[in-house]
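The values are calculated or read from the model by the stated rules, or taken from the named source; none is laboratory data. These numbers come from a predicted model, not from an experiment. Cβ atoms come from the backbone with ideal geometry, glycine included; neighbour counts cover every protein chain shown.
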Amino acid sequence: MALIKCDFFSEVLELSTSMTVILPQPAIRQIGMESSKGGEKHQTLFLLHGLTDDHTIWTRRTSLERYAAPLGLAVVMPQVDRSFYTDMNYGNKYWTFLTEELPAVARSFFPLSDKREDNFTAGISMGGYGALKWALNYPEKFAAAASLSGALDIVSRVKESEEEMFSLIFDKENIEGSSQDLFYLIEKLAEAEDRPEIFQCCGTEDFLFEDNQRFQQWCNQLNYQIRTDFEAGEHEWGYWDKKIQEVLSWLPLKER
């Protein structure tokens with residue numbers, strides 16, 4: 001695998017930003033690593049960070065590069081600060097950056113496939129929310145999406161919180177029933193044929209566990225079949241290091 005820190009200018013954000021990228025590389029003589037070259041255009045996982053993290057966190061806290069190596073899977077990890085992957089009420093347009101600019105820029109730099117069946121997204125906590133929001137708003141672009149300990153009931157969390165952060169990010173009065181609301185998006189796609197597959201996991205000791213339970217119940221009520229994994233665990237990297245391996249095994253990857 002090749003591990004690349006890519007610094008580039010964002011026209012949307014009007015500033016320089018960064019992404020970390022893992023690319024498949026055949027390495028026959030590399031000791032202790034199984035590897036795959038991938039295809040001519042790589043299958044790609046857009047992997048999102050949490051509230052207090054950045055684009056480097058997945059490679060610093062897990063063995064992601066080693067897990068992805070035998071799969072022939074490229075992984076793109078962007079930087080979005082504390083934005084909840086949103087065009088902020090007072091701040092930068094991180095949703096537009098994520099959904100429009102980032103894939104185009106990454107594909108211009110690296111040999112990444114733009115086919116729906118080759119693209120996936122996942123994330124932890126804030127990033128779990130962002131990953132599902134991205135896939136559910138753009139089901140034509142992603143075959144699958146995964147949330148690890150995601151903040152999935154964002155409507156309740158924003159409305160009940162007195163944190164100034166949420167006022168800076170969201171329009172509190174108009175969040176329910178909007179493109180920010182995962183429950184609304186699930187309802188819109190409940191009868192769609194090409195809806196993305198969804199993987200959801202959360203530890204039962206996690207402070208976001210009830211959010212995840214409500215999301216699962218809503219999906220079941222609407223007959224949107226998702227894979228759910230609730231077991232003992234907290235909001236921490238030991239749990240996520242284990243679960244990202246399960247996500248990678250679950251992704252509908254094509255054999256190379």
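Could you count how many residues in the stretch 184-198 are exposed (fewer than 14 other Cβ atoms within 10 Å of the Cβ) and in contact with a strand residue (DSSP E or B) (Cβ under 8 Å, 6 or more places away or on another chain)?
Number of matching residues: 0.
Can you find a residue in the stretch 222-235 that is at pLDDT 95 or above and in a helix (DSSP H, G or I)?
There is no residue in the stretch 222-235 that is at pLDDT 95 or above and in a helix (DSSP H, G or I).
Taking only the stretch 156-201 into account, find how many residues are in contact with a helix residue (DSSP H, G or I) (Cβ under 7 Å, 6 or more places away or on another chain), more than 25 Å from residue 243 (Cα to Cα) and basic (Lys, Arg).
Total meeting the criteria: 2.
When only residues in the stretch 8-24 that are in a strand (DSSP E or B) and touching an Asp or Glu at 6+ places or on another chain (Cβ under 8 Å) count, which is nearest to residue 100 (Cα to Cα)? Steps first, answer last, please.
Taking the stretch 8-24 as the starting set, the residues that turn out to be in a strand (DSSP E or B) are 8-10, 15-23.
Next, only the ones that are touching an Asp or Glu at 6+ places or on another chain (Cβ under 8 Å) stay: 10, 16-18, 22.
Working: 10: 11, 16: 16, 17: 15, 18: 16, 22: 20 Å.
Ranking the candidates gives 10 first.
Could you please find all residues in the stretch 155-176 being under 14 Å from residue 89 (Cα atoms), in a helix (DSSP H, G or I) and touching a residue at least 40 places away in the same chain (Cβ under 8 Å)?
Correct list: 165, 167, 168, 169.
Filtering the stretch 39-61 down to residues that are β-branched (Val, Ile, Thr) and over 12 Å from the mean Cα position of the chain (by Cα), which residue is surrounded by the fewest Cβ atoms within 10 Å (Cβ to Cβ)? Walk me through it before giving the result.
Start the filter on the stretch 39-61 by keeping residues that are β-branched (Val, Ile, Thr), which leaves 44, 52, 56-57, 59.
Those still in the list that are over 12 Å from the mean Cα position of the chain (by Cα) too: 52, 56-57, 59.
On the way: 52: 9, 56: 15, 57: 21, 59: 17.
This residue is 52.
Looking only at residues in the stretch 62-92 that are of a type in the set (A, V, I, L, M, F, W, C) and part of a strand (DSSP E or B), which one is surrounded by the most Cβ atoms within 10 Å (Cβ to Cβ)? First the steps, then the outcome.
Just the residues of the stretch 62-92 that are of a type in the set (A, V, I, L, M, F, W, C), to begin with: 64, 68-69, 71, 73-77, 80, 84, 88.
Imposing the further condition that a residue be part of a strand (DSSP E or B) reduces the set to 73-77.
Numbers: 73: 24, 74: 26, 75: 26, 76: 28, 77: 26.
Among those residues, the one meeting the criterion is 76.
Within the stretch 189-202, is there a residue that is assigned to a helix (DSSP H, G or I) and under 13 Å from residue 137 (Cβ atoms)? Outline the logic, then answer.
Of the residues in the stretch 189-202, the ones assigned to a helix (DSSP H, G or I) are 189.
So of that shortlist, the ones also under 13 Å from residue 137 (Cβ atoms) come out as 189.
Yes, the stretch 189-202 contains at least one residue that is assigned to a helix (DSSP H, G or I) and under 13 Å from residue 137 (Cβ atoms).
Which of (1) on the phi > 0 side of the Ramachandran plot; (2) over 17 Å from the mean Cα position of the chain (by Cα) is the odd one out, the single condition residue 85 does not satisfy?
It is condition (2) that residue 85 fails.
Among the numbered criteria (1) farther than 28 Å from residue 74 by Cβ; (2) of a type outside the set (Phe, Trp, Tyr); (3) surrounded by 15 or more Cβ atoms within 10 Å (Cβ to Cβ), which one does residue 247 miss?
Among (1) farther than 28 Å from residue 74 by Cβ; (2) of a type outside the set (Phe, Trp, Tyr); (3) surrounded by 15 or more Cβ atoms within 10 Å (Cβ to Cβ), residue 247 violates only (1).
Which one of these is closer than 20 Å to residue 135 by Cα and surrounded by fewer than 18 Cβ atoms within 10 Å (Cβ to Cβ): 167, 179, 161?
Checking each option against the conditions leaves just 179.
Only one residue in 217, 213 is surrounded by fewer than 16 Cβ atoms within 10 Å (Cβ to Cβ), polar (S, T, N, Q) and over 21 Å from residue 248 (Cα atoms). Which one? Step through it out loud before you land on a result.
Numbers: 213 fails: surrounded by fewer than 16 Cβ atoms within 10 Å (Cβ to Cβ).
Unique residue meeting the criteria: 217.
Without any contact (Cβ under 8 Å) to a residue 24 or more places away in the chain, under 14 Å from the mean Cα position of the chain (by Cα) and surrounded by 20 or more Cβ atoms within 10 Å (Cβ to Cβ): does that describe residue 95? Reasoning before the result, please.
Details: without any contact (Cβ under 8 Å) to a residue 24 or more places away in the chain: yes; under 14 Å from the mean Cα position of the chain (by Cα): yes; surrounded by 20 or more Cβ atoms within 10 Å (Cβ to Cβ): yes.
Yes: the conditions hold for residue 95.
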